[in-house]
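This report refers to the structure that appears directly beneath it.
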Amino acid sequence: VRLALLATAAALVATTLVPVQAEAIGPVTASSSAGATSGPDKAFDGSFGTAWRAAAAGVQWLQVDLGAPHALTSIRQTFANRDTWRFRVSGSLDGATWVRLMDRERGIAGQSFATSASGVHRYVRLTVTGAARGSIPSSTEFLVQGSATEVEITPPDATVHTSSQLPAYEGRHVVDGDSSTYWVAGNHTLPQWVTVDLGAVTPLSSVEQNFKDYDLVRFQIAGSNDNVNFTTLVDRGPVRGQYFHERVQGSYRYVRVTITQTEFGHWAGSTGVKVFTPLVGNGPVRDLAYNTTATSSSLANNYEPRRAVDGRPGSAWISCWIPAPDNCVRPPGITGDWLKVDLGHVSSVTRIEQRFLDDDQWWFTVEGSVDGVTWQQLMSRQGVAGRSFSATVSGLYRYIRLTVPRASGRGHWPASEHLKVFGNGSPVPHMRWVERSGPLQRFYPKHYFQTLNSITDQLDDLREQGYAGIELAAPYKGPRTPWAGLGATDNYAIDPSIGTMADFERLIGTAHQLGMRVVMFGNAGYSSPAAPFWDRAQRDAASVERRWFAIVPASGPGACDNGARWYWSELARGCYFSFWTDPFNAANHMPSYNFANQEWRDETARYLRFWMDKGLDGFGMDAPRAYLNINSSPNISQRYITAVLDNYDSWTLPEGLQPHWDTNGPGDLVNGVPELHYNTIHDLSVNRWGCSTDCSRIVAATRSGNPSALEDYFKNSRDTINHQGGVTILAPSWDSDVHGDGSIEPSRLEPASVRLLEMATVLTSGNQFIMHYGNHLYLPHERTIPSWTAAQQELVNQLLRAQGGSSALDPRGLRYRLPTNDNGRYYAFLRTDKTSGTRALVVLNFQNSQQTVDVALGNTGIAPDQTPIDLLTGQASGTAIAGGNYRVTLPARGFAVLSVR
Ligand SMILES: [Ca+2]
Ligand SMILES: [Ca+2]
């Protein structure tokens, strides 16, 4: 927290690290109020016992004038009661032109909602547009955090120098605005330093250094104008902490952080060095497109659309202008190419800059849109020579689209080294939805005879429970066994036992109307042996289907090496390869598709596009490491799976990657993101499945009462995968409680308190959470857990809603352990979202008895005196943070999940 702002109609009531000037406050107003004791000032009086309440339900608004432009960091709105709320928060410099800061208009279940914000604004307005159960709009506290005195100006494309650095942990990670990524020195010696080149001499107000861990540290901050002679500005430590926001004076071009002491032999490092300059007027005009979501009509491998907005010179999006199997895959029927940037919110745009890779003759247009449907032309160049083109514009847009209908005069492919969108707003940086996704519920419709319509009918209730989306396992046509129907007989049809393609499309449409996501778990590795195309492949050696599989002519069954998974086909008079055999029917071999053949690679790309074009939000692949010939060079998995899915804002998951410590081989859990380019990885190092004992490290820690070992598991998988740009996904490990048929094994049944602490740990430590059916949950047709009390079930829902409510609990973002009075008995950590705008404090009691836990909060960025919001109840926490310490008494296996400033 740099500067926390709590406004009242008359005076500033704020607990801040740096005082805010009291005159920086104007009036607060509302569309209506229920009475004098429910006026808009009650949302700003620092008391969660008082609230603004509108006079009636329906559309109502609440507005604060901060008195001066503020560089915002976060917004937290807390309603007086729980409902599924539809609302938005907007900001404005003049009270007339508004841009979006927070969008929950599709509805979200809960009571307290926090999100990071950016941009410079003077007026902030909450607009409630409805509530599912008809609640009257209200606000117990509307917290807008920001600074009236300074604004961060660290250039995202700044050149960064280091004393040394580890491969993949380079210095550039300190300026990328991503709290999950970090620089690590190349060796253990000290001192080590990192220098940020601001590009020009800049007046400084503060420099912020964030260590990866909460440690004993000493460091200096210095400034220079020649990168040779440095003036020391700050010398801190030895001191414990992670977050240091240090006031500095003077104007410098180079800012250096030198680390001279660390704890426990930790190597020097930093998740972020942020540089602040005095806030003057309405603040600097920024590139709103930097690190936002970019998509394109096609792409050449290793030239993904996000490279047009990554701020790195020489890094570019290049289209797939000429389909070339070794270079790119081009969707059929596309003429011309487009690159689209989603700013995340409607923003005020003042200038567009498009820079090609080549100085050439170009034909292109740039358009803007609020909704992604209706477009307005902002810029057009037809056959104009040059490389960089810009235009002054004026308007409110969320989406900016570059369209290049043809190659350049000299035949260069459509490309963009950068597409910059300058203006004022609060863009959502570099966020694929998986990075901020809430909990998912997994369905196995074929296996459990559930129709798609019955799932559609549950969506509203699922959202009310706190789920943000669902995963559908193998809804395509094919037998329901084995593996809940993963082998298809038709890759392009819905299985008639669960519904129709129209039902499938209605499910997706309904989910999207509710603001929910739908992902699918599928398979490009093998077909059902009952597939008609497998029959054709065996009968017709000249068919294209024959090339989808691996079949070699042979003299007879004895020629097939069953041990190497080759089996005899009478129809083909040859041996075919099958990696997987039905565990319930040893004669049932699943014919493996063959990625050595271009025909199957192309078919895979077509298959993925077919389903994604239905509107899916992601696609998980069953055990892709086992796909035949997928691991050959070039990187087939990337070219024909992830590169295709990257054309969408897609959840991409390779099932079954193993941590190295669970295998005799090297393990590939941490290769899924950097090598295979998937973005969501099952963290099998923490919670496994398909096991009968010792399935969960978290359950083991609960059983032993000692959570110490969890930290290393999270560091080695969750934090590492976050740094790579991915997220981890975890499910409760029901496996040890049940038999293979899903029936409960009483002797192994874990108490509800163990399961609840497991879920609390997963949902708060920065993972995507998924609740399973099948032998991963006892009752396939119920969403509630049998034998649990209503209160226990409600606690599950509160945990689910907590992750959706605060971006500080996003799967992506910073996580570091905080010291407690006994780290061998309790586990406490701080979480932030990816931009560090919001914070959450989590304290978990691994003892099976009531315990009082002390958590030290010095130099964490958490305000030393405040009343946190309990994210489980949506109410003010009964225990305040006082003097930089949080002392809380937790019940047996209890936990506190708090939104803090
Ligand atoms: Ca209040
Ligand atoms: Ca970083």
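For the reader, a short list of remarks on this structure follows.
- Listed conditions (1) over 16 Å from residue 76 (Cα atoms); (2) charged (D, E, K, R); (3) not in a loop (DSSP other than H, G, I, E, B) are all met by residue 831, apart from (1).
- Scan the range 351-365 for residues that are open to solvent by less than 50 Å² (accessible area, probe 1.4 Å), among the charged types (D, E, K, R) and modelled with pLDDT of 95 or more and the total you get is 2.
- If the condition is being at pLDDT 95 or above and of a type in the set (A, V, I, L, M, F, W, C), then the range 444-461 contributes 452, 455, 459.
- Residue match in the range 787-799 (condition: out of contact with any strand residue (DSSP E or B) (no Cβ under 9 Å at 6 or more places or on another chain), among the small types (Gly, Ala, Ser) and modelled with pLDDT under 95): yes
- Restricting attention to the range 137-155, the residues being over 20 Å from residue 286 (Cβ atoms) and open to solvent by 20 Å² or more (accessible area, probe 1.4 Å) number 0.
- Residue identified as under 21 Å from residue 284 (Cβ atoms), touching a Lys or Arg at 6+ places or on another chain (Cβ under 9 Å) and at pLDDT 95 or above among 224, 251, 206: 206
- Subset of the range 885-901 that is at pLDDT 95 or above and not in a strand (DSSP E or B) - its residue that is surrounded by the most Cβ atoms within 10 Å (Cβ to Cβ): 893
- Qualifying residue in the range 449-470 (condition: surrounded by 20 or more Cβ atoms within 10 Å (Cβ to Cβ) and assigned to a strand (DSSP E or B)): yes
- Taken together, 125, 100 contain a single residue that is at pLDDT 95 or above, basic (Lys, Arg) and either more than 16 Å from ligand 1 (Cβ to nearest atom) or in contact with a Cys (Cβ under 8 Å, 6 or more places away or on another chain) (or both), which is 125.
- Enumeration of residues in the range 593-622 that are assigned to a loop (DSSP other than H, G, I, E, B) and out of contact with any strand residue (DSSP E or B) (no Cβ under 8 Å at 6 or more places or on another chain): 597, 613, 614
- 3 or more residues farther than 17 Å from residue 834 by Cα and touching a residue at least 12 places away in the same chain (Cβ under 8 Å): qualifying strands (runs of 3 or more DSSP E) within the range 139-186: 141-147, 159-162
- Close contacts from the range 48-61, counting a first residue that is over 9 Å from residue 34 (Cβ atoms) and touching a residue at least 24 places away in the same chain (Cβ under 8 Å) and a second that is open to solvent by 20 Å² or more (accessible area, probe 1.4 Å) and near ligand 1 (Cβ under 7 Å from one of its atoms), with Cβ to Cβ under 9 Å and a gap of 6+ residues or different chains, come to 50/42; 51/42.
- Residue check for residue 58: farther than 30 Å from residue 150 by Cα and modelled with pLDDT under 95: yes
- Boolean, residue 452 is out of contact with any Cys (no Cβ under 8 Å at 6 or more places or on another chain) and over 30 Å from residue 88 (Cβ atoms): yes
- Residues in the range 245-293 that are over 25 Å from residue 426 (Cβ atoms) and within 26 Å of the chain's Cα centre (by Cα): 2 in all.
- Filtered residues of the range 156-178 (kept if more than 13 Å from ligand 2 (Cβ to nearest atom), closer than 22 Å to residue 287 by Cα and not acidic (Asp, Glu)): 159
- Qualifying position, being more than 20 Å from residue 832 (Cβ to Cβ), touching a strand residue (DSSP E or B) at 6+ places or on another chain (Cβ under 7 Å) and surrounded by 15 or more Cβ atoms within 10 Å (Cβ to Cβ), among 866, 851: 851
- Listing of strands (runs of 3 or more DSSP E) fully contained in the range 212-324 that carry 1 or more residues being within 16 Å of ligand 2 (Cβ to nearest atom): 231-247, 251-261, 272-278
- The condition (being modelled with pLDDT under 95 and touching a Gly at 6+ places or on another chain (Cβ under 6 Å)) is satisfied by just one residue among 46, 110, 119: 119.
- Selected residue (only one of 189, 195 is more than 22 Å from residue 829 (Cβ to Cβ), assigned to a strand (DSSP E or B), away from ligand 1 (no atom under 16 Å from the Cβ) and among the hydroxyl-bearing types (Ser, Thr, Tyr)): 195
So that you can scan it fast, the table gives a plain yes or no per residue for (1) in contact with a Ser or Thr (Cβ under 7 Å, 6 or more places away or on another chain); (2) more than 18 Å from residue 892 (Cα to Cα); (3) modelled with pLDDT under 95; (4) open to solvent by less than 20 Å² (accessible area, probe 1.4 Å):
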{"residue": "814", "(1), (2), (3), (4)": "yes, yes, no, yes"}
{"residue": "817", "(1), (2), (3), (4)": "no, yes, no, no"}
{"residue": "840", "(1), (2), (3), (4)": "yes, yes, no, yes"}
{"residue": "857", "(1), (2), (3), (4)": "no, yes, no, yes"}
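- All of 160, 194 fail the test of being closer than 30 Å to residue 716 by Cα, open to solvent by 10 Å² or more (accessible area, probe 1.4 Å), at pLDDT 95 or above and aliphatic (A, V, I, L, M), apart from 160.
- Residue ID - farthest from residue 262 (Cα to Cα), chosen from residues in the range 227-246 that are touching a residue at least 40 places away in the same chain (Cβ under 8 Å) and of a type outside the set (Ser, Thr, Tyr): 227
- The set of residues in the range 40-93 being outside any strand (DSSP E or B), away from ligand 1 (no atom under 16 Å from the Cβ) and among the β-branched types (Val, Ile, Thr) consists of 59 alone.
- Selection over the range 179-211 of residues that are within 16 Å of ligand 2 (Cβ to nearest atom) and closer than 30 Å to residue 840 by Cβ gives a count of 14.
- Which listed residue, of 840, 808, is touching a Leu at 6+ places or on another chain (Cβ under 6 Å) and within 21 Å of residue 274 (Cα to Cα): 840
- Leading residue by the ranking (farthest from ligand 1 (Cβ to nearest atom)) among those in the range 163-185 that are closer than 17 Å to residue 261 by Cα and open to solvent by less than 30 Å² (accessible area, probe 1.4 Å): 164
- Residue check for residue 368: in contact with a Leu (Cβ under 6 Å, 6 or more places away or on another chain), of a type in the set (Gly, Ala, Ser) and at pLDDT 95 or above: yes
- Scanning the range 543-592 for residues that are without any contact (Cβ under 8 Å) to a residue 40 or more places away in the chain, part of a strand (DSSP E or B) and either exposed (fewer than 12 other Cβ atoms within 10 Å of the Cβ) or among the aliphatic types (A, V, I, L, M) (or both) yields 551, 552, 553.
The values are calculated or read from the model by the stated rules, or taken from the named source; none is laboratory data. Keep in mind that this is a model prediction, so the values were computed, not measured. All Cβ positions, even for glycine, are placed from backbone atoms using ideal geometry, and neighbour counts span all protein chains on display. Calculation scope for accessible area: heavy atoms of the full protein, side chains included, ligands and nucleic acids excluded. Shrake-Rupley method; radii C 1.70, N 1.55, O 1.52, S 1.80 Å.
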